[in-house]
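The values are calculated or read from the model by the stated rules, or taken from the named source; none is laboratory data. Because the structure is a prediction, the values reported are computed rather than measured. Cβ placement follows ideal geometry from the backbone for every residue including glycine, while neighbour counts extend to all protein chains displayed. Just so you know, the surface numbers come from the protein's heavy atoms only, side chains and all, with ligands and any DNA or RNA stripped out. Shrake-Rupley method; radii C 1.70, N 1.55, O 1.52, S 1.80 Å.
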Amino acid sequence: MASVDSQATRSTLLSVDTTLSENINATQNYIPVASTTNFSTSVVAEIESTNEVVSFDTITNQLIQSTDDLATNKILTRISLGLNAGTDPNGTNTGIALIPTIDNNTHRLDLYPSGGLGTNTYTFSVYGKQNGYSGLSLVIAGLPANGTTIFNLANGTITSTGSDVTSASMENVGNGWYRCASTITLASVPLANASIGVGSDDSTFIFSGNTTDSILIWGPQLEISSSATGFLPNPGTASSYPGLTTVTRGVNGTTAQAASSGDSIQQLPFATPVDIPVRLRGLSVSPDGTGAARLTLCDNNGDSILDIDTPDGKVYTMNMPEDGLVFPNGVFISNTDNVTAYTLFTEKFSGEGLTHGSWCS
């Protein structure tokens, strides 16, 4: 005879929790958090204070410069900075002008992570816009000699990449702005800094500036990655800044809302190593009013076990047969399309024919 103990399933699923590290608004495509440890990009997360569900990528910006003034950890070499020099890709007036001096030489901005970074694959990216001058170069220092990527901000093309650059990209984000990125692997020399150079055009980087013309930049980001991911600004208060980026807001019919620093974010991952036999006795699913709903139950490897489809406007309640449905390794939620709420009625399960969480014939 099986022995059972009633339990509420959602509260017993292992969760991953973090908090917002600063206020967010309803339109931005990043969510700064205290930590991304153990978060899975294959599973949505929920902002607890607003019940907003978000899908995302994760990233950590290794630079600690703020987006509006590049406040710390920088060296200006024959350039000056013009703050609030133009509307940035985020729609605010925080574009930064890199203005070359009259010296007939190179003109660059060197940015430094606060702590030492070792050998790895790094991608350095920045938003750039022509403003009299149109040449932009990206270099990750500590590289072999041929590690420079040159971009043309006038026509949106990559002019050249050094033989040590593994990949480069240039994305038109509108209003004359391009997101420029360069990737390189440091196999033997640790990373020192990342540099942005100014060219009067895409072939002239040694010249005498007129102290008026410039290029505009915004949002420098250095990440341990083989390509540029979503942009994550860093407020200049931490050695690195983790966040959920390229965020899809308002999933499952919720409305994107503002939330405050310190608010909790929770994820209920399916790929958590749990080995607890569970018997499902019944369930209830409530659609959110935006269309037919689907709730998918899976095992702890993410393999789908049961799909529940519910017509829009109908609350679906299901009682299992007498023996219920047994999940030998725990029951998890892998998908909640157009679902505003669900309840699973389960029991802990043990009995004959179940050994170490597996069925035996």
I want to confirm something. Restricting to segment 50-90 and keeping residues that are of a type in the set (Ser, Thr, Tyr) and at pLDDT below 85, which single residue is nearest to Leu191 (Cα to Cα)?
Thr72
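With segment 48-96 as the region, which strands (runs of 3 or more DSSP E) entirely inside it contain at least 2 residues that are open to solvent by less than 60 Å² (accessible area, probe 1.4 Å)?
Values: elements: 52-61, 74-77, 79-82.
So the answer is 52-61, 79-82.
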Out of (1) of a type outside the set (A, V, I, L, M); (2) touching a Phe, Trp or Tyr at 6+ places or on another chain (Cβ under 7 Å); (3) open to solvent by less than 30 Å² (accessible area, probe 1.4 Å); (4) modelled with pLDDT under 85, what's the single condition that is false for Asn252?
(2)
Would you point out the residue of segment 321-344, among those that are more than 34 Å from the chain's Cα centre (by Cα) and surrounded by fewer than 16 Cβ atoms within 10 Å (Cβ to Cβ), that is nearest to Pro277 (Cα to Cα)?
Asp323
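Considering segment 112-143 alone, what residues qualify as being among the aromatic types (Phe, Trp, Tyr), over 21 Å from the mean Cα position of the chain (by Cα) and in a strand (DSSP E or B)?
none
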Being closer than 14 Å to Ser182 by Cα and not hydroxyl-bearing (Ser, Thr, Tyr) narrows Leu117, Leu136, Leu109 down to just Leu136
Residue check, Phe231 against (1) of a type in the set (Phe, Trp, Tyr); (2) modelled with pLDDT of 95 or more; (3) out of contact with any Cys (no Cβ under 9 Å at 6 or more places or on another chain), all met but one. Which one?
(2)
